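The values are calculated or read from the model by the stated rules, or taken from the named source; none is laboratory data. Since we're looking at a predicted model, the values are computed, not measured. Reconstructed Cβ throughout: ideal geometry from the backbone, glycine too, with neighbour counts over all protein chains shown. Surface areas here come from the heavy atoms of the whole protein model, side chains and all, with no ligands, DNA or RNA. Shrake-Rupley method; radii C 1.70, N 1.55, O 1.52, S 1.80 Å.
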Amino acid sequence: MRPFEYHAPQDAISAVAMAGEPAPSHVTSLTQFVGGGTTLFDLMKLDVMHPARLVDITRLGDKGLQQVRRDDRGLHIGALATMAALSDDGAIAKDYPVLRDTLWQAASAQIRNMARLGGNVLQRTRCPYFRDTSYRQCNKRDPGSGCAALDGFNRMHAVLGTSTSCIASYPGDFAQALIALDAHVELLGADGPRVIRFADLHRLPEDAPQIETSLRPGELITGFLIPGGTWPRSTYVKVRDRASYAFANASAAVALKLDGGRIEDVRIGLGGVATVPWRAARAEALLKGAELTEGAAAEAAEAEFAGAAAREHNRYKIPLGKATLVRALLQAQAMEL
Amino acid sequence: MMAEATPPVPEPGENMGKPLPRYEARAKVTGEPLYADDLQLPNPAIALFVTSGIARGRILQIDTAAADALPGVLKIYTHLNAPRREVTKHYTEGGYVSDSAVPLGGPDIVNDGQIVAVVVAEDFATARDAAHRIAIRYEERSPSATFGSAGAATIQPDALAAKSKKAGDFAGAYAAAPVKIDAEYSTPTMHHNPIELFSTAAAWNGERLTVHEPSQFVWQLKNGVASALGIDPENVEVRDPFVGGAFGSKGMMTQRSPLIAAIARDLRRPIRNVVLRDQGFTLATYRAETRHRLQLGATRDGKLTALSHEGWEVTSRQDDYSVAGIEATTEMYACPNIASKVSLVKADRNTPGFMRSPPETPYMYALEAAMDEMAAALAMDPVEFRRINDTKVSPVTGAPYTSRSLMECYDRAAATFGWNRRKAEPMATREGDWLIGYGCATACYPTSMMAATARAILTPSGRVEIQIAAHDVGTGAYTAMQQIAARELGVDPRMVSVRMGDTAYPPGPVAGGSMTTASAGSAVKLVCDKLKQRLGGALPSGRELEQAFDRLGTRRIEEYAEWTPPGQGKEAVQALYKGQMGGGGGAEGGKPKPLMYAFGAEFAEVRIHRLTREIRVPRLTGAFAGGHIVNPRTARSQYLGGMIWGLGQALLEQTELDELRGRYINDNLAEYLVAVNADVPEVDIIMVPEVDSQVNPLGVKGIGELANVGTAAAIANAVYNATGKRIRDLPVTMDKLLDVPA
């Protein structure tokens, strides 16, 4: 790997002061923040990312960065909390089962102990053509070079939110829960703090897949807020070839509020099938107010995937994605509270 | 829910030794053993390979200037300044290498991930940094990647044509058969992915060369390196006391070993090289993809009347490696009319090689899946269908099996598994959202043996040291050799220490073909017997032993023995010293050679979600008979590991190929899927006692490669029972089942 400078500041303001030099996007910024390092170090060894300077944020002493706490605004999750800390929190598991479910199914225990939630949502795609620099074509790595996945082996690639520039799928799990629950992202930059909707964090690839998020270069995620009340009837179905330690072929995070058999409120985030954490707004609109039956769930899934576009090896993701959503809805409905 | 703290220790059955724990067990779990790359060399430099980003073409320009300029970079080798090596042939052609394409031999690229440069630096980080700064310009050509690719030629070399087995009149019998099956199957590319990465370290001391490398055949490596460097094998020593998994991938020398040794000679400095995980996919061998056509004909009462097995295997342009598993599949069941044929498809790939149960894993999968299809067509229980066609002789030659406990295995496993609960009708069993299916299949593995030599050293304390350059690839071979020696000498196993994996010791067999216990064990038994003879036929103990030493006027009694399997002569030992598998055997006294096989029967339960079609296997049961079992504890582990691997082959494993570019896609352990704990809830192992005094003096059949043979078919057959759909192309993944109505 290429040599880099290493800094370990004690507070967030110092950390962001070390970053923020102009760059086309935060992933190509010369300064990168590192938490658990579970993605960044990997990509540096592969020479996909070669930052000149790393700012280790694990020692930031700012109150709240490591914490998970609740108040009348909702649930606050510090960006430096580990995946393990949140998934092992019994009270969270009871009130927000979907958070626990997306985390314990997301990685091995070793990775969950290391990885921080702020970095987790920024995990970059597992597209093999992106991760291996010997492929010349990758618009994400080298804008304008083309996309080898379009006519390559694309069994794990996305069917929703794709473009002719990029079909790489978003690999994470936790983000599906955050997008379903309308989370906010708290950011700190050289110009101070700001808050955005989680739904606005990831950008569709369109014609610029190299710009993956709306983060400004040098901007730091400091936390997440899940506004409002709890979601005890919520779950995450992750479908994969291997029973554990594998990326999703398709996944669905579902949170329900039921009034008898009728759906009072429903939130859906889809994973494994899309280029970004995918809010299933069309399905939600059809389901809201309806009786939750398998037929209604299937209709909603049909509508959500109506615009899906598959390539040679990932056609199965359309029926699988629909089936996964139906299963998650029925599973949430069957939860005993 | 805590799992039990220690795994169950199997009760030894009849004709089984003691279930001793491995004698190096504690050392291994506490991290004590030194594996090849842990062995120290003075002041080594680090070599890192740079591999090609295309599968076919030519290097137009390779620019190393930026890499050369990095402080700490010692030298960068390319085809323009490569150290000279002798051309050596593939091991099937009398040479030593597993792939005859010579790295850095010229500008041509003949497969994905070919070595195009070697960076030598003071440390690994510098070497990797430099590797990323090398710029290569290629002239690219379109590769022929696999079956069906334009330009991939199908051939049948003479050596393969000679393997075709025939009996009776297949065409006539098949045409006349009242019930027929005609189906095509396939298995994908697979890679071994042992946890211990491939590595080579080389150091010269004058004319003498020391090589540290994980190997399943150190004497082959010794002779192979010598041959490629044009030096006397006497001057090469190979050390490798422990191997962290191999499965065939460390069996035969690759081109990496002489290359690293030549670089060490050129730079006059010890060199260490570790092959990165992704590089291991193209710089070692692999299991080639195979295709099969099975045609079975049977009478309505279930007697097979016709069997044809045609196979196709992918190989490289440069070598004709094949596994040709028709040997097993044509002799498995009683059938008077047999035809078989194997062809090779030459593609722009590196040369494949051994991977656990090389011929049987793909070929028996196809046969056992077809047997299940025939049983269904006959509306017959699959176990009973096999019983009707069980045989004690080869249907091809009429030669007898020395022993065959297949149906005993079926009956024991069926009872434990609860096979009587199976409903023959597909889709008939459900539990909540899960469709449930049961399946079974036959496992088999031939008993092979190689010559072996061993030394034993006895001291007046009563301690015995056994020296044999055989290999413990994680199987428990150290303990097995210890037990065999202790039993022969009538001493406590703790008095016996075993030294292996080093060319300082007399050569043992390749740790392949499940031959180690039978072959190395027979040599150990023989040398211990010679030791006893020196002391009057039995080993005295305590004071008497010391007196015996005094009488002989020595403080050390040393014996050496050479063992050759039945039918092999002295030339087998000579071949062994040259690092060749040699041997052969052949007909004895004009009669066809008896068939020697270990057998097993495997049962699987699968559960398939009605909506998402994930496939889970909650239960596997296997019963196996392998002659004398030296150690039921380590044997059980071999069977467990085999069936778990078989589960992976059924559902998970495949090296994904970008056919357009001829390149492997999932070259890492996150995406090359092997079974994890969550995939393996419950595995029952039954060891069926069996006595076979004909196979060898120990009565031992090989078992390491037995258990992973039947599993994939058992699971695929269970998937049919659950869903009514035959998935004939491995692995069976959910996407192939999404169109099943449920």
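Does the stretch A:101-113 hold any residues that are touching a residue at least 12 places away in the same chain (Cβ under 8 Å) and either more than 20 Å from A:Ala79 (Cβ to Cβ) or crowded, with 22+ Cβ neighbours inside 10 Å (or both), and which are they? Hits for the stretch A:101-113 are A:Asp101, A:Thr102, A:Leu103, A:Gln105, A:Ala106, A:Ala107, A:Ser108, A:Ala109.
Picking from residues in the stretch B:206-237 that are surrounded by fewer than 23 Cβ atoms within 10 Å (Cβ to Cβ) and of a type in the set (Asp, Glu), the one that is nearest to B:Ala36 (Cα to Cα) is B:Glu237.
For the stretch A:7-82, which strands (runs of 3 or more DSSP E) that fit wholly inside it have 3 or more residues that are under 15 Å from A:Leu122 (Cα atoms)?
Where strands (runs of 3 or more DSSP E) fall fully within the stretch A:7-82 and carry at least 3 residues being under 15 Å from A:Leu122 (Cα atoms), they are A:31-34.
When B:Asp658 is tested against (1) of a type outside the set (Phe, Trp, Tyr); (2) farther than 30 Å from B:Asp381 by Cβ; (3) open to solvent by 10 Å² or more (accessible area, probe 1.4 Å); (4) modelled with pLDDT of 95 or more, only condition (3) is not met.
Restricting attention to the stretch B:729-741, and to residues there that are outside any loop (DSSP other than H, G, I, E, B) and among the aliphatic types (A, V, I, L, M), which single residue is farthest from the other protein chains (Cβ to nearest Cβ)?
The first filter runs over the stretch B:729-741 and keeps only residues outside any loop (DSSP other than H, G, I, E, B), leaving B:729, B:734-737.
Of the ones still in play, those that are also among the aliphatic types (A, V, I, L, M) are B:734, B:737.
On the way: B:Met734: 7, B:Leu737: 10 Å.
Ranking the qualifying residues of the stretch B:729-741, first place goes to B:Leu737.
A count restricted to the stretch B:85-115 and to residues that are farther than 16 Å from B:Ser316 by Cβ, modelled with pLDDT of 95 or more and either open to solvent by 60 Å² or more (accessible area, probe 1.4 Å) or in contact with a helix residue (DSSP H, G or I) (Cβ under 6 Å, 6 or more places away or on another chain) (or both) stands at 2.
Being modelled with pLDDT of 95 or more and open to solvent by less than 10 Å² (accessible area, probe 1.4 Å): is that true of B:Ala469 here? Working first, answer last.
On the way: modelled with pLDDT of 95 or more: yes; open to solvent by less than 10 Å² (accessible area, probe 1.4 Å): yes.
The answer is yes for B:Ala469.
Which of the residues belonging to the stretch A:114-146 are open to solvent by 20 Å² or more (accessible area, probe 1.4 Å) and hydrophobic (A, V, I, L, M, F, W, C)? A:Met114, A:Leu122 - these are the residues of the stretch A:114-146 that are open to solvent by 20 Å² or more (accessible area, probe 1.4 Å) and hydrophobic (A, V, I, L, M, F, W, C).
Residue count for the stretch B:118-163 under the criterion of being open to solvent by 30 Å² or more (accessible area, probe 1.4 Å) and small (Gly, Ala, Ser): the result is 10. None of B:Glu384, B:Glu368 is surrounded by fewer than 21 Cβ atoms within 10 Å (Cβ to Cβ) and not small (Gly, Ala, Ser) except B:Glu384. When you scan the stretch B:598-607, do you find a residue that is at pLDDT 95 or above, within 10 Å of chain A (Cβ to nearest Cβ) and within 19 Å of A:Asn249 (Cα to Cα), even just one? No, the stretch B:598-607 contains no residue that is at pLDDT 95 or above, within 10 Å of chain A (Cβ to nearest Cβ) and within 19 Å of A:Asn249 (Cα to Cα). If you go through the stretch B:662-684 and keep only what is more than 22 Å from the chain's Cα centre (by Cα), surrounded by 19 or more Cβ atoms within 10 Å (Cβ to Cβ) and within 7 Å of chain A (Cβ to nearest Cβ), you end up with B:Ile665, B:Asp679.
The residues of the stretch A:202-239 that are farther than 23 Å from A:Leu256 by Cβ and either within 14 Å of chain B (Cβ to nearest Cβ) or outside any loop (DSSP other than H, G, I, E, B) (or both), listed by number, are A:His202, A:Thr213, A:Leu220, A:Ile221, A:Thr222, A:Gly223.
Would you confirm, using the coordinates I've provided, whether A:Glu336 is over 23 Å from A:Asp182 (Cβ atoms), without any contact (Cβ under 8 Å) to a residue 40 or more places away in the chain and assigned to a loop (DSSP other than H, G, I, E, B)? So A:Glu336 fits the description; yes. Within the stretch B:106-140, the set of residues being among the charged types (D, E, K, R) and either facing chain A (nearest Cβ under 10 Å) or touching a residue at least 60 places away in the same chain (Cβ under 8 Å) (or both) comprises B:Asp112, B:Glu122, B:Asp123, B:Arg128, B:Asp129, B:Arg133, B:Arg137, B:Glu139, B:Glu140. Among the residues of the stretch A:39-60, those that are in contact (Cβ under 8 Å) with a residue 24 or more places away in the chain, in contact with a helix residue (DSSP H, G or I) (Cβ under 9 Å, 6 or more places away or on another chain) and farther than 21 Å from A:Asn113 by Cβ comprise A:Leu46, A:Asp47, A:Val48, A:His50, A:Pro51, A:Arg53, A:Val55.
Inside the stretch B:723-742, can you point out the residues that are touching a residue at least 40 places away in the same chain (Cβ under 8 Å), among the aliphatic types (A, V, I, L, M) and either open to solvent by 30 Å² or more (accessible area, probe 1.4 Å) or over 11 Å from B:Ile615 (Cα atoms) (or both)? B:Leu730, B:Leu738, B:Val740, B:Ala742 - these are the residues of the stretch B:723-742 that are touching a residue at least 40 places away in the same chain (Cβ under 8 Å), among the aliphatic types (A, V, I, L, M) and either open to solvent by 30 Å² or more (accessible area, probe 1.4 Å) or over 11 Å from B:Ile615 (Cα atoms) (or both).
Run down B:Thr634, B:Thr621 and say which single residue is on the phi < 0 side of the Ramachandran plot, more than 14 Å from chain A (Cβ to nearest Cβ), open to solvent by 10 Å² or more (accessible area, probe 1.4 Å) and touching a residue at least 24 places away in the same chain (Cβ under 8 Å). Full working, then the answer.
Numbers: B:Thr621 fails: open to solvent by 10 Å² or more (accessible area, probe 1.4 Å).
Testing whether each residue is on the phi < 0 side of the Ramachandran plot, more than 14 Å from chain A (Cβ to nearest Cβ), open to solvent by 10 Å² or more (accessible area, probe 1.4 Å) and touching a residue at least 24 places away in the same chain (Cβ under 8 Å) leaves just B:Thr634.
Which condition breaks for B:Met643 when tested against (1) within 14 Å of another protein chain (Cβ to nearest Cβ); (2) open to solvent by less than 30 Å² (accessible area, probe 1.4 Å); (3) in contact with a helix residue (DSSP H, G or I) (Cβ under 6 Å, 6 or more places away or on another chain)? Unmet for B:Met643, out of (1) within 14 Å of another protein chain (Cβ to nearest Cβ); (2) open to solvent by less than 30 Å² (accessible area, probe 1.4 Å); (3) in contact with a helix residue (DSSP H, G or I) (Cβ under 6 Å, 6 or more places away or on another chain): (1).
Filter the stretch B:466-496 for residues that are among the hydroxyl-bearing types (Ser, Thr, Tyr) and more than 15 Å from B:Ser215 (Cα to Cα) and give the result. Reasoning before the result, please.
As a first pass, look at the stretch B:466-496 and keep what is among the hydroxyl-bearing types (Ser, Thr, Tyr): B:475, B:478-479.
Across the stretch B:466-496, the qualifying residues are B:Tyr478, B:Thr479.
In the stretch A:93-201, counting only helices (runs of 4 or more DSSP H) that sit wholly within it, the ones holding 1 or more residues that are away from every other protein chain (no Cβ under 13 Å) span A:97-104, A:109-114, A:117-120, A:174-180.
Helices (runs of 4 or more DSSP H) fully within the stretch B:17-133 that include at least 1 residues being under 26 Å from A:Phe41 (Cα atoms): B:65-68, B:124-132.
Restricted to the stretch B:313-351, and to residues that are among the acidic types (Asp, Glu) and within 21 Å of B:Tyr365 (Cβ to Cβ), which residue is most open to solvent (accessible area, probe 1.4 Å)? If you could, list the steps in order and put the result at the bottom.
Residues of the stretch B:313-351 among the acidic types (Asp, Glu): B:313, B:319-320, B:327, B:331, B:348.
The next check asks that each one be within 21 Å of B:Tyr365 (Cβ to Cβ); those that pass are B:313, B:327, B:331.
Details: B:Glu313: 4, B:Glu327: 97, B:Glu331: 6 Å².
Restricting to residues being among the acidic types (Asp, Glu) and within 21 Å of B:Tyr365 (Cβ to Cβ), the top hit is B:Glu327.
Looking at the stretch A:190-203, which of its residues are touching a residue at least 60 places away in the same chain (Cβ under 8 Å) and within 30 Å of A:Ser165 (Cα to Cα)? First the steps, then the outcome.
First, the residues of the stretch A:190-203 that are touching a residue at least 60 places away in the same chain (Cβ under 8 Å): A:190, A:198-199, A:201-203.
Once the filter is applied, which keeps residues that are touching a residue at least 60 places away in the same chain (Cβ under 8 Å) and within 30 Å of A:Ser165 (Cα to Cα), the stretch A:190-203 yields A:Phe198, A:Ala199, A:Leu201, A:His202, A:Arg203.
Out of A:Gly269, A:Gly295, one residue alone is touching a residue at least 24 places away in the same chain (Cβ under 8 Å) and not in a loop (DSSP other than H, G, I, E, B). It is A:Gly269. One residue stands out among those in the stretch B:409-431 that are closer than 20 Å to B:Ala598 by Cα and touching a Phe, Trp or Tyr at 6+ places or on another chain (Cβ under 8 Å): the one that is surrounded by the fewest Cβ atoms within 10 Å (Cβ to Cβ), which is B:Ala414.
B:Arg726 falls short of the stated requirement of being within 14 Å of another protein chain (Cβ to nearest Cβ) and part of a loop (DSSP other than H, G, I, E, B).
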